[in-house]
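The values are calculated or read from the model by the stated rules, or taken from the named source; none is laboratory data. Everything numeric here is computed off the predicted structure, so don't read it as measured data. Every residue, glycine as well, gets a Cβ built from its backbone with ideal geometry; the counts of neighbours run over all protein chains shown.
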Amino acid sequence: MNIIVYAYMFIIGVLLGSFYTLAVYRIPLKQDITHTRSYCPKCNHKLNFWDLIPVLSYIFLGGKCRYCKSKIRPRYIIIEILSGIAFLLFTILLDIDILKIEYTKIAALIFGILFFSTVIIVVAIFKDYKKIQISVFNFGIIAEIIYMIYLYILNTSIYRYIIYAMLLLIMIVINSIKKTNEKIRIIMFLIFILIGIYEISIIFI
Ligand SMILES: [Zn+2]
């Protein structure tokens, strides 16, 4: 039974990976990430459904655009496979059983997905532009604040959690200021990663 859950989670991970590559390409260019059809960045040819199947399309097309034959960056397939594996590992670690609905595990899984998505997208955009993407980073901080409050309510009011939530709130304000130094933003992003890992680890202890 669990094999089916694992297979589903791997596929969801791969699909999200495919979304990450799209988000990484479009967000810095201020393009729509949900409605516009995907296209080849070289020849601008609109891509069909069968050109967009994660992992498989890349393999069948030999890593080239069907229309202009230009090379597709291997980053696409790498991010897709890595995110599939990450989701699979996370589901195994959480020991999710579909026959038992455990809200704490589901909440941890949802938070894990949002946290992981933010880290991947911010890091990949940083690699290309040497800049932390403010909007995506803020989205991740909001997810951390909400999950921190959830942990506070769940774990009979541990005050530490409220302090972390306040720290995150301050970070969102500093991050939203356009003039903020990029180095400060990088430091805040590292703090964000540490807090996120801490929040995820709570379910295992
Ligand atoms: Zn093309």
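Test Gly62 against the criterion of being within 16 Å of the ligand (Cβ to nearest atom) and among the small types (Gly, Ala, Ser), and give yes or no.
yes
Condition test on Val5, is it at pLDDT 90 or above, more than 26 Å from Ile134 (Cβ to Cβ) and away from the ligand (no atom under 16 Å from the Cβ)?
Taking the combined requirement at face value, the residue does not satisfy it.
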Can you tell me how many residues within the stretch 64-76 are touching a residue at least 12 places away in the same chain (Cβ under 8 Å) and under 15 Å from Leu47 (Cβ atoms)? 7
Within the group Ile186, Ile174, which residue is of a type outside the set (Ser, Thr, Tyr) and within 19 Å of the chain's Cα centre (by Cα)? Ile186
So which of Ile121, Ile85, Ile92 is in a helix (DSSP H, G or I) and either of a type in the set (Phe, Trp, Tyr) or buried (at least 20 other Cβ atoms within 10 Å of the Cβ) (or both)? Ile121
Out of Ile12, Ile106, I need the residue that is under 15 Å from the mean Cα position of the chain (by Cα) and more than 16 Å from the ligand (Cβ to nearest atom). Which one? Ile12
Would you mention how many residues in the stretch 45-79 are among the basic types (Lys, Arg) and under 18 Å from Val14 (Cα atoms)? 2
Just the residues that are within 19 Å of Phe19 (Cβ to Cβ) and surrounded by 11 or more Cβ atoms within 10 Å (Cβ to Cβ), please, taken from the stretch 47-60. Leu47, Asn48, Trp50, Asp51, Leu52, Ile53, Pro54, Val55, Leu56, Ser57, Tyr58
Scanning the stretch 68-114 for residues that are of a type in the set (Phe, Trp, Tyr) and touching a helix residue (DSSP H, G or I) at 6+ places or on another chain (Cβ under 7 Å), the one nearest to Ile202 (Cα to Cα) turns out to be Phe111
Please determine, by comparing only the residues of the stretch 24-43 that are more than 16 Å from the ligand (Cβ to nearest atom) and charged (D, E, K, R), which one is farthest from Glu80 (Cα to Cα). Lys30
Go through the residues of the stretch 159-167 one by one and say whether even a single one is under 30 Å from Tyr76 (Cβ atoms) and free of Cβ contacts under 8 Å to residues at least 60 places away in the same chain. no
Which pairs have Cβ atoms under 6 Å, sit 6 or more apart or on different chains, and link a residue in the stretch 23-44 that is surrounded by fewer than 16 Cβ atoms within 10 Å (Cβ to Cβ) to one that is part of a helix (DSSP H, G or I)? Pro28/Ile125; Pro28/Tyr129; Ile33/Ala23; Ile33/Arg26
